[in-house]
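The values are calculated or read from the model by the stated rules, or taken from the named source; none is laboratory data. What you are looking at is a predicted structure, and each value in this text was computed from that prediction instead of being measured. Quick reminder, even Gly has a Cβ in these numbers, built from the backbone with ideal geometry, and neighbours come from all protein chains shown.
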């Protein structure tokens, strides 16, 4: 059953993110998949929010450098909440969605 669920998680991630074509993107896909499979519900909700930040940076803000920085920091053993907050602070012009995600993460 876990394999079926793992495949579904990866499919949804690919549909929202696009192809995970670099080693870094593959590491991130593996990290978030494991978090969504094995962590408790509050942590799963946090990882969904971190992923929303990546999607916002990638598709609406279009800052691939910050996307890569956040992917790297989320796959490293760094505190993901702290990493997201610090990366969001680097964004010069925040979208309303990124601002909403920032305040949501500040309350984790």
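Summary of values
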{"read-out": "Selection status of residue 27, modelled with pLDDT of 95 or more, under 15 Å from residue 9 (Cα atoms) and under 13 Å from the mean Cα position of the chain (by Cα)", "value": "yes"}
{"read-out": "Single residue of 33, 49 found to be surrounded by 15 or more Cβ atoms within 10 Å (Cβ to Cβ) and more than 23 Å from residue 89 (Cβ to Cβ)", "value": "33"}
{"read-out": "Odd one out for residue 72 among (1) under 23 Å from residue 108 (Cβ atoms); (2) touching a residue at least 24 places away in the same chain (Cβ under 8 Å); (3) crowded, with 17+ Cβ neighbours inside 10 Å", "value": "(3)"}
{"read-out": "Some residue of segment 41-60 being outside any helix (DSSP H, G or I) and either over 12 Å from the mean Cα position of the chain (by Cα) or free of Cβ contacts under 8 Å to residues at least 12 places away in the same chain (or both)", "value": "no"}
